[in-house]
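A.B. asks: Please find one structure pasted underneath; my questions will follow.
The values are calculated or read from the model by the stated rules, or taken from the named source; none is laboratory data. The structure presented is a predicted model; accordingly, all values stated were derived computationally and were not measured. Positions of Cβ are generated from backbone atoms using ideal geometry, with glycine treated the same way; all protein chains shown enter the neighbour counts. Heads up: the accessible areas ignore ligands, DNA and RNA and are worked out on the full protein's heavy atoms, side chains in. Shrake-Rupley method; radii C 1.70, N 1.55, O 1.52, S 1.80 Å.
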Amino acid sequence: MSQRDLDRRVIDTNYLEKPELARWLGARKTNIAVIAHPTMIELHRRDALRTIQQALRICCQYSRQVVILRSTDQLIALTGRGKGLVNRLVSPDETRQFGAYCRTVIEVAPTSEIVDHVAPLEVQARELRDALARSAANLIVRLKQADDILTAGERRELRGMVSNRRPMSGPLQRKTCAMAFDLAQELTQAAGLAPLVATADRNDIVNRLAFRYGAMIVGYYVVAKDHDGRWISNPDKQLRQVFDLKIASLASYFDGLMTAEGDLAASYRIGRSLIAALGGYVRCGRG
């Protein structure tokens, strides 16, 4: 089976139990479900064993067609070198062991041994969520500040742009690209990594996960302005939005994102279009 024959799509958490996923995986053995680290955190955050056994049931039926990605901490440190990029995102050990994980944890009756195995992962997931909650609140503040970056005319241009499928003007494209770079810079420094250099190889910057996440945040901003809606104020919803955008940023490397959320799908399309326009690595290097 050639790598170019594969259709590798990142599965959003809300799509894992959809019958459409089972039909897609069953249609072709070359259809590959990609599971990101943020998804596993979400699944383990509460009542972990019951949640993962329910959510991963379909993927376990097609365990040979599932790929598990490395943790976000590992991925954000990777350079944006295009050659072999999509393979560097994958955790070979976790992917290879997924079938055994299904047989011993997902497809069996709960036992005290399994509960004891999952319990520390649930604690770890809650700790990671608590840490992300602070960045979720900061994200909303940052997006509100973006209103001051764009002119009134540019904000009017955004309103209805997505729903009416209007292309973004050149000046607005340049400004949104600059927003994505600034966000990527903040994320890079927050991770304790060396600052990005704007004059360096553009592909290296655009292919880094921090820039991808920045591009998806810009996509979310554009969608919100399209609706002319208010920013999320509920802390739990803010956190879910951060998880969604992190999953979408990882999907930008692959052949697509499978999600049940229309706004996330629109944010993803805008973010990936921005990445592709800058010559970034998309569709597993095929486009």
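Yes/no per residue for (1) under 26 Å from D7 (Cα atoms); (2) modelled with pLDDT under 90; (3) touching a Ser or Thr at 6+ places or on another chain (Cβ under 9 Å):
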position	(1), (2), (3)
L69	yes, no, yes
T72	yes, no, no
L75	yes, no, no
V86	yes, no, no
P92	yes, no, no
Q97	yes, no, no
V108	no, no, no
I114	no, no, yes
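A.B. asks: Here is a further query. Counting only residues that are of a type in the set (G, A, S) and within 19 Å of K144 (Cβ to Cβ), how many does region 192-214 have?
C.D. replies: Total satisfying the criteria: 1.
A.B. asks: Now for a different question. Can you spot a residue in region 126-134 that is in contact with a His (Cβ under 9 Å, 6 or more places away or on another chain), assigned to a helix (DSSP H, G or I) and open to solvent by 70 Å² or more (accessible area, probe 1.4 Å)?
C.D. replies: Yes, the conditions are met somewhere in region 126-134.
A.B. asks: If you don't mind, another one. Going by what's in this entry, would R64 be described as part of a helix (DSSP H, G or I), of a type in the set (K, R) and in contact (Cβ under 8 Å) with a residue 24 or more places away in the chain?
C.D. replies: Considered against the rule, which asks whether it is part of a helix (DSSP H, G or I), of a type in the set (K, R) and in contact (Cβ under 8 Å) with a residue 24 or more places away in the chain, R64 comes out as yes.
A quick yes/no check of all residues on (1) over 19 Å from P38 (Cα atoms); (2) surrounded by 16 or more Cβ atoms within 10 Å (Cβ to Cβ); (3) at pLDDT 95 or above:
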{"site": "V206", "(1), (2), (3)": "yes, yes, no"}
{"site": "D226", "(1), (2), (3)": "yes, yes, no"}
{"site": "I232", "(1), (2), (3)": "yes, yes, no"}
{"site": "I247", "(1), (2), (3)": "no, yes, yes"}
{"site": "Y253", "(1), (2), (3)": "no, yes, yes"}
{"site": "A260", "(1), (2), (3)": "no, no, yes"}
{"site": "I270", "(1), (2), (3)": "yes, yes, no"}
{"site": "L278", "(1), (2), (3)": "yes, yes, no"}
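A.B. asks: Shifting gears a bit: How many residues, within region 18-43, are assigned to a loop (DSSP other than H, G, I, E, B) and surrounded by 15 or more Cβ atoms within 10 Å (Cβ to Cβ)?
C.D. replies: 2
A.B. asks: Given the conditions (1) in contact with a helix residue (DSSP H, G or I) (Cβ under 6 Å, 6 or more places away or on another chain); (2) in contact (Cβ under 8 Å) with a residue 60 or more places away in the chain, which single one is not true for L250?
C.D. replies: The number of the failed condition is (1).
A.B. asks: Out of the residues in region 151-163 that are over 25 Å from the mean Cα position of the chain (by Cα) and over 15 Å from W231 (Cβ atoms), which is surrounded by the fewest Cβ atoms within 10 Å (Cβ to Cβ)?
C.D. replies: A152
A.B. asks: Something else about it: Being of a type in the set (D, E, K, R) and in contact with a Leu (Cβ under 7 Å, 6 or more places away or on another chain) is the filter here; which residues of region 39-84 pass it?
C.D. replies: Selection gives R70 alone.
A.B. asks: All but one of (1) at pLDDT below 85; (2) of a type outside the set (D, E, K, R); (3) on the phi > 0 side of the Ramachandran plot hold for G192; state the number of the condition that does not hold.
C.D. replies: (1)
A.B. asks: Anything in region 1-17 that is open to solvent by 10 Å² or more (accessible area, probe 1.4 Å) and either among the acidic types (D, E) or part of a strand (DSSP E or B) (or both)? List them, or say none.
C.D. replies: D5, D7, R8, R9, E17
A.B. asks: Look at A137 and say whether it is of a type in the set (G, A, S), surrounded by 14 or more Cβ atoms within 10 Å (Cβ to Cβ) and modelled with pLDDT of 80 or more.
C.D. replies: In short, no.
A.B. asks: Where in region 182-287 are there helices (runs of 4 or more DSSP H), lying wholly inside it, with at least 1 residues that are among the hydroxyl-bearing types (S, T, Y)?
C.D. replies: 209-227, 235-251, 262-277
A.B. asks: What single numbered condition from (1) over 20 Å from Q74 (Cα atoms); (2) in contact (Cβ under 8 Å) with a residue 24 or more places away in the chain; (3) polar (S, T, N, Q) fails to hold for T111?
C.D. replies: Of everything listed in (1) over 20 Å from Q74 (Cα atoms); (2) in contact (Cβ under 8 Å) with a residue 24 or more places away in the chain; (3) polar (S, T, N, Q), T111 misses just condition (2).
A.B. asks: What number goes with the only condition from (1) open to solvent by 30 Å² or more (accessible area, probe 1.4 Å); (2) farther than 16 Å from S273 by Cα; (3) of a type in the set (F, W, Y) that F243 does not pass?
C.D. replies: (1)
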